[in-house]
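In what follows, a structure is listed as structure tokens, so that the remarks can point back to it.
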Amino acid sequence: MLAELAIANAAFGVIKQALTNGKELFDAGDAVNDYFKAENDIAKEVESKGKGSALEAYQAQQLLRKQEDELKFMLNKQGLLGYSNFLQFKAEWARDQKEQAK
């Protein structure tokens, strides 16, 4: 879980820097993909309760929640429906990943 968390943190840093510099979310393309994948991997590990301790799982969830709140603030500041559009994009990405896995 620590590797996935490191990937999520690095990707979030790139996303945050891009948004801070006035770019759009899609300008951070690979970082967004890496973040979603790491977030998904962490969620799967937390659900399966297979690896790591309960404390690691809790810390990972809290960190992702904090990053999501920060992203929500930045995207809403950037545009009227910024965060709503992000959630729609995230749902479409998840559907695409499930289809590719089949």
Could you work out [θ]222 nm for the chain from helices alone, using -39500 (n - 2.57) per DSSP H run of at least four and dividing by all its residues? Round to the nearest 500 deg cm²/dmol. -28500 deg cm²/dmol
Would you look at the GNM of the chain, springs on alpha carbons closer than 10 Å, and say which of L71, L87, L19 moves the most? L87
In whole percent, what relative contact order does the chain give with Cα contacts below 8 Å and a gap of six or more residues? 25 percent
So, with a 1.4 angstrom probe, what is the percent of accessible area on the chain that is carbon and sulfur? 54 percent
Along its three principal axes, how long is the chain when you only count alpha carbons? Whole Å, largest extent first please. 39, 31, 20
What are the trypsin sites (Lys or Arg not before Pro) within segment 10-89 that DSSP puts in a loop, where the Cβ has at most 10 other Cβ atoms within 10 Å? K49
Mean-square fluctuation maximum in Gaussian network of the chain, Cα pairs under 10 Å, restricted to L81, L25, L64, hits L81
Candidates per GluC sites (Glu not before Pro) in segment 15-102, loop by DSSP, up to 11 other Cβ within 10 Å: none
Per residue value of the accessible surface for the chain (all protein chains in place, 1.4 Å probe), Å²: 67 Å²
What's the angle, to the nearest 10 degrees (0 to 90), between helix 82-101's Cα axis and the longest principal axis of the chain? 50 degrees
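The values are calculated or read from the model by the stated rules, or taken from the named source; none is laboratory data. Since the model is a prediction, treat every value here as computed from it, not as a measurement. Backbone-built Cβ (ideal geometry, glycine too); neighbour counts: all protein chains shown. Side chains included, ligands, DNA and RNA excluded: accessible areas come from the protein's heavy atoms. Shrake-Rupley method; radii C 1.70, N 1.55, O 1.52, S 1.80 Å.
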